[in-house]
1. Looking at this structure, is residue 115 in contact with a Ser or Thr (Cβ under 6 Å, 6 or more places away or on another chain) and either surrounded by 11 or more Cβ atoms within 10 Å (Cβ to Cβ) or of a type in the set (Ser, Thr, Tyr) (or both)?
2. Considering only residues of the stretch 159-201 that are surrounded by 14 or more Cβ atoms within 10 Å (Cβ to Cβ) and small (Gly, Ala, Ser), which is nearest to residue 134 (Cα to Cα)?
3. Buried (at least 16 other Cβ atoms within 10 Å of the Cβ) and modelled with pLDDT of 90 or more: which single residue out of 92, 109, 27 fits that description?
4. Test each condition in (1) buried (at least 17 other Cβ atoms within 10 Å of the Cβ); (2) without any contact (Cβ under 8 Å) to a residue 40 or more places away in the chain; (3) aromatic (Phe, Trp, Tyr) for residue 98 and report the one that comes out false.
5. Working carefully through the options 151, 139, 107, 171, find the one that is farther than 27 Å from residue 15 by Cβ, touching a Leu at 6+ places or on another chain (Cβ under 6 Å) and of a type in the set (A, V, I, L, M, F, W, C).
6. Hey, does the stretch 157-165 have a residue that's of a type in the set (A, V, I, L, M) and within 22 Å of residue 79 (Cβ to Cβ)?
Amino acid sequence: MVFGRSSRRTPPVEPVTLKILVAGGFGVGKTTLVGAVSEIRPLRTEETLSEAGRPVDDTEGVEQKTTTTVAMDFGRITLREDLVLYLFGTPGQDRFWFLWDELAQGALGAVVLADTRRLEDCFGAIDYFERRAIPFAVAVNCFEGAGRFPAERVRAALDLDSEVPLLMCDARQRESAKEVLVAVVEHALARADRRREHATT
């Protein structure tokens with residue numbers, strides 16, 4: 001066996017895998033965002049809206065929606081050779097919130113999608129992540145026909161801390177959705193660094 005420079009091979013990079021949640025109200029675009037960025041065929045658990053669900057599913061503003069996520073959406077995106085994100089889209093209706101604690105285990109951070117036509121629908125998700133100290137970013141999904149407001153007004157309406165990233169996005173567009181995910185990762189890692197620094201001082 002000959003040993004030399006030519007026989008050496010660079011070992012393959014073992015990527016770091018991170019878990020990110022995609023949350024928000026009913027019909028805000030969570031399934032769309034996961035599908036737009038996922039490099040694998042997304043796992044979806046959608047069911048058709050039924051008459052039985054009408055009393056509890058508020059479809060005002062999203063009347064065209066015919067399906068709903070009943071467990072989760074799952075996708076994967078490689079941000080860099082050494083960084084892979086696993087995306088878990090949460091169900092939007094209140095009656096499925098019992099699944100959130102399970103989905104949130106081990107999550108680095110979260111995206112809270114917002115719709116300016118139903119801004120109050122994302123309050124629950126924001127409160128959930130704040131209470132559990134899970135870093136998150138808010139992404140306003142710019143639907144056609146929805147009002148466009150300056151970021152400062154949206155931030156004030158949601159009563160967000162100044163450190164929480166707030167972005168405008170189009171959940172249908174891969175690059176736009178990818179920017180949101182990058183913002184979440186950077187925010188979560190920066191917060192972890194600050195906590196480490198604080199712990200050593």
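1. So residue 115 does not fit the description; no.
2. 188
3. 109
4. (1)
5. 151
6. yes
Yes/no per residue for (1) in contact with a Cys (Cβ under 7 Å, 6 or more places away or on another chain); (2) crowded, with 19+ Cβ neighbours inside 10 Å; (3) part of a loop (DSSP other than H, G, I, E, B); (4) at pLDDT below 55:
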{"site": "9", "(1), (2), (3), (4)": "no, no, yes, no"}
{"site": "44", "(1), (2), (3), (4)": "no, no, no, no"}
{"site": "65", "(1), (2), (3), (4)": "no, no, yes, yes"}
{"site": "72", "(1), (2), (3), (4)": "no, yes, no, no"}
{"site": "79", "(1), (2), (3), (4)": "no, no, no, no"}
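The values are calculated or read from the model by the stated rules, or taken from the named source; none is laboratory data. Because the structure is predicted, anything quoted here is derived from the model rather than measured. Please note: Cβ atoms are built from the backbone with ideal geometry, for glycine as well, and neighbour counts cover all protein chains shown.
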